[in-house]
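The values are calculated or read from the model by the stated rules, or taken from the named source; none is laboratory data. No experiment lies behind these values; they were computed from the predicted model shown. Here Cβ is always computed from backbone atoms with ideal geometry, including for glycine, and neighbour counts include all displayed protein chains.
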């Protein structure tokens, strides 16, 4: 494992997740959430949990990146796309269906989460593949 690329990739994926999750939940899904707002924490209370959310994104980013490095095959962006798709299915589809069974979430939330998280994880995989790739070998000097 290339530790510097792993750490750098993890940090970039973390920043990406924070931004895209805010866009996804705060903009794209906000209309869906308004339809069943009573299922969520009040906004004034939710802000007190931000540190836990950021910690979750940090753990996800470093875990996501670590697992990628362990199966790294050097196949470029297609490897990142495939990895993001696999993690998206394992994370998004499974947890969303479990949440649907356990919590009284509307089906529209579950469908949105499944689609959204698949896209989010695929892009995260592409980002990581672009960062983790080996540097090209330096051309031999002429002389």
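Here are some notes:
- Among the residues here, residue 97 does not qualify as more than 30 Å from residue 37 (Cα to Cα) and either part of a helix (DSSP H, G or I) or within 13 Å of the chain's Cα centre (by Cα) (or both).
- Exactly one residue among 18, 12 is touching a residue at least 24 places away in the same chain (Cβ under 8 Å), over 16 Å from residue 130 (Cβ atoms) and part of a helix (DSSP H, G or I), and that residue is 18.
- No other residue among 92, 65 is under 13 Å from the mean Cα position of the chain (by Cα) and at pLDDT 95 or above apart from 65.
- Residue count, segment 54-77 (criterion: part of a helix (DSSP H, G or I) and without any contact (Cβ under 8 Å) to a residue 12 or more places away in the chain): 4
- For residue 8, the criteria (1) surrounded by 13 or more Cβ atoms within 10 Å (Cβ to Cβ); (2) over 17 Å from residue 121 (Cα atoms); (3) under 15 Å from the mean Cα position of the chain (by Cα) hold in every case but one, which is (3).
- When segment 29-53 is limited to residues that are surrounded by 12 or more Cβ atoms within 10 Å (Cβ to Cβ) and in contact (Cβ under 8 Å) with a residue 60 or more places away in the chain, the one that is nearest to residue 115 (Cα to Cα) turns out to be 29.
- Residue 112 passes every criterion in (1) on the phi < 0 side of the Ramachandran plot; (2) surrounded by fewer than 13 Cβ atoms within 10 Å (Cβ to Cβ); (3) touching a helix residue (DSSP H, G or I) at 6+ places or on another chain (Cβ under 7 Å) apart from (2).
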